[in-house]
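These notes concern the structure reproduced below.
Values quoted throughout were computed directly from the atomic coordinates according to the rules given, and no laboratory measurement underlies them. Here the structure is a predicted model, which is why all the values come from computation and not from measurement. Here the Cβ positions follow ideal geometry from the backbone for every residue, glycine too, while neighbour counts run over all protein chains shown.
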Amino acid sequence: MTELGVVFRPQLPPERLRSVARHADESGLDELWLWEDCFREGGPTTAAAALAWTERVRVGVGLLPVPLRNAAITAMEAATLHRMFPGRAVLALGHGVQDWMGQVGARPASPLTLLREHLDAVRALLRGERLSTSGRYVRLDDVALDWPPRQPAPVLAGATGPRTLALSGEAADGTVLTASTPPDGVRRARRLIEEGRAAAGRTDPHRVVVYLLAATGPGAEARVRAELAAEGLADVPDLGVAGDAGTVAKAAARLAEAGADTVVLQPTGDEPDPEGFVRFAAEGVRPLLA
């Protein structure tokens, strides 16, 4: 069965998260995803709160922009979540929006090199290794976590371009694709990911998570069209879906058939009822996904 999640959009104030997280947990939704968008909510803080307020739903952060972070701190925060909430935290690392990185003086000369070094270091530390490395960006001297996760802690990568997709296959345990990815884009991403995996000799599982912009209820189609237009994506076919549970489930199924393991419904930024959207996803859409 294709796993289904919902995004808690950071356009909502942080104090709204508790109610949305509890609805996700109680409704049977598989995953709740959070964003660390500049300059809104922090990823690890909101993830820790959502996990503490819930019992079973997995909580993903997609993604943590590595230019803002030290690899050791990222590993420490990830390990803490995995120790406190085993099997329920899902963390993805990525380039971040380069204009935002420039605003805080953290725009790297080589985003790809930075992401590779960060992925390699964080995954090694989460495996419990003691690490010394002197890369272009990541420099660690005899670093090991006192409290590494007790079980495997996959690290995903957010990716869009071909080189980052190949890197994700080579150096990450899964890939997060944005809502600007139609089914054909998922197939292309899978091919590039597999090329990276083959180059690295990897045969372990690699999960692909895809966001799907979705809306239901009155004005749903207009809200989806407006958001796609604002993102400059109005002319891209097969993006976004508006309608009832059956219509949304069919759109999610097309992404799953193209290679997505998890589809995460992304409400519009002006979604009027976030808790109702979670219930719609869990109780209406999820049972229709095979």
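Of all residues in region 275-288, count the ones that are over 16 Å from Gly217 (Cβ atoms) and surrounded by fewer than 17 Cβ atoms within 10 Å (Cβ to Cβ).
Matching residues across region 275-288 total 2.
For region 1-40, which positions are buried (at least 16 other Cβ atoms within 10 Å of the Cβ) and assigned to a helix (DSSP H, G or I)?
Leu17, Val20, Ala21, Arg22, His23, Ala24, Asp25, Ser27
Counting only residues that are touching a residue at least 24 places away in the same chain (Cβ under 8 Å) and in a loop (DSSP other than H, G, I, E, B), which one in region 93-126 is surrounded by the most Cβ atoms within 10 Å (Cβ to Cβ)?
It comes out as Gly96.
Exactly one of (1) free of Cβ contacts under 8 Å to residues at least 24 places away in the same chain; (2) in contact with a strand residue (DSSP E or B) (Cβ under 8 Å, 6 or more places away or on another chain) is unmet by Ala179. Its number?
For Ala179, the exception is condition (1).
Which number in (1) surrounded by 14 or more Cβ atoms within 10 Å (Cβ to Cβ); (2) at positive phi marks the one condition that Ala260 misses?
In the conditions (1) surrounded by 14 or more Cβ atoms within 10 Å (Cβ to Cβ); (2) at positive phi, Ala260 misses (2) alone.
Just to be sure, is Asp173 in contact with a Pro (Cβ under 9 Å, 6 or more places away or on another chain) and acidic (Asp, Glu)?
Judged against the criteria, Asp173 is a match.
Looking at Ala226, Ala189, which one is within 20 Å of the chain's Cα centre (by Cα) and closer than 25 Å to Asp37 by Cβ?
Criteria check complete, one pass: Ala189.
Considering each residue of region 8-34, count those that are of a type in the set (Val, Ile, Thr) and closer than 13 Å to Val90 by Cβ, and give that number.
Qualifying residue count, region 8-34: 0.
Go through region 58-92 and count every residue that is in a helix (DSSP H, G or I) and hydrophobic (A, V, I, L, M, F, W, C).
11
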